[in-house]
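Input: a single structure, listed below in structure tokens.
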Amino acid sequence: MGAAGDNAAKAPAAAAGSNGKGTAASMDVVSSSSSSSPAPAPSVLKSVLLSYAYVSVWITLSFSVIVYNKYILDPKMYNWPFPISLTMIHMAFCASLAVVLVRVLRVVAVPASPPMTPSLYAASVVPIGALYALSLWFSNSAYIYLSVSFIQMLKALMPVAVYSLAVALRTDSFRRASMLNMLGISAGVAVAAYGEARFDAFGVMLQLAAVAPRPRGSCSSRYCSPPRACR
């Protein structure tokens, strides 16, 4: 009887000890899981404000370059009618800045795959650069004949050109709703052209020629050789 009583007395103590160890273990698990949980994501408001700040800086710089180009090329202002030289200066500055950011400051990592071979460079980079330079040349030439506001209205035809070329090359399917949107954009541009006080047919042709190579450049990057390297 005495041994049985001792065993009965030791059983609750052992149970209490095991319960204490189990509680401590569970608390350790909870604390470790809480410490290993990821940091809270930034607030949506902060992300939205940061995005608006980036867009505002981009719009301000873009508008400044447009107005400055107009000031340089317009015969009634600075009167320096050399759009090819201006385009060359633009491209030289962009290339120099890209070399500094990639090779010197290493802000942008150089992709290791696929390796940039001469054939890949000639097939994918050269056509895009040539078409983009051609587009800039035509666009800068249009500043000699047209106003800045009218040129921006003509640039609204870019989605029309991209969608039409994508349907023609069968990289996108024809959709009636999209075509109606394109017709609405074209109608708005036609109204703006009809009401333009300083309308110049040659300037309009130059600006439309500047719109045409840009979607072709994007398609060249998609159909370059080899295809896997461009994707």
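Readers should treat all values here as calculations from the given coordinates under stated rules, not as data from a laboratory. It should be emphasised that the depicted structure is a prediction, and the values quoted were computed from it without experimental measurement. Neighbour counts are summed over all protein chains in view; Cβ atoms, including those assigned to glycine, are modelled from backbone coordinates with ideal geometry.
The requirement of being farther than 22 Å from Ile66 by Cβ, surrounded by fewer than 13 Cβ atoms within 10 Å (Cβ to Cβ) and either of a type outside the set (A, V, I, L, M, F, W, C) or out of contact with any Ser or Thr (no Cβ under 7 Å at 6 or more places or on another chain) (or both) is fulfilled nowhere in region 134-152; no residue meets it.
How many residues does region 65-90 contain that are within 13 Å of Ala133 (Cα to Cα) and surrounded by 14 or more Cβ atoms within 10 Å (Cβ to Cβ)? Working first, answer last.
Our first condition is that a residue be within 13 Å of Ala133 (Cα to Cα); within region 65-90, this holds for 83-90.
Cutting the leftovers down to surrounded by 14 or more Cβ atoms within 10 Å (Cβ to Cβ) gives us 83, 86-88, 90.
So the answer is 5.
Residues that are among the small types (Gly, Ala, Ser) and loosely packed, with under 12 Cβ neighbours inside 10 Å within region 163-189 comprise Ala168, Ser173, Ala177, Gly184, Ala187, listed in sequence order. Taking the criterion of being over 17 Å from Val65 (Cα atoms) and of a type in the set (S, T, N, Q), the residues of region 77-121 that qualify are Ser96, Ser113, Thr117, Ser119.
Candidates Val100, Val125, Val148, Val104: the one that is in contact with a helix residue (DSSP H, G or I) (Cβ under 6 Å, 6 or more places away or on another chain) and not charged (D, E, K, R) is Val148. The test for being polar (S, T, N, Q), farther than 26 Å from Gly188 by Cβ and in contact (Cβ under 8 Å) with a residue 60 or more places away in the chain does not hold for Ser139.
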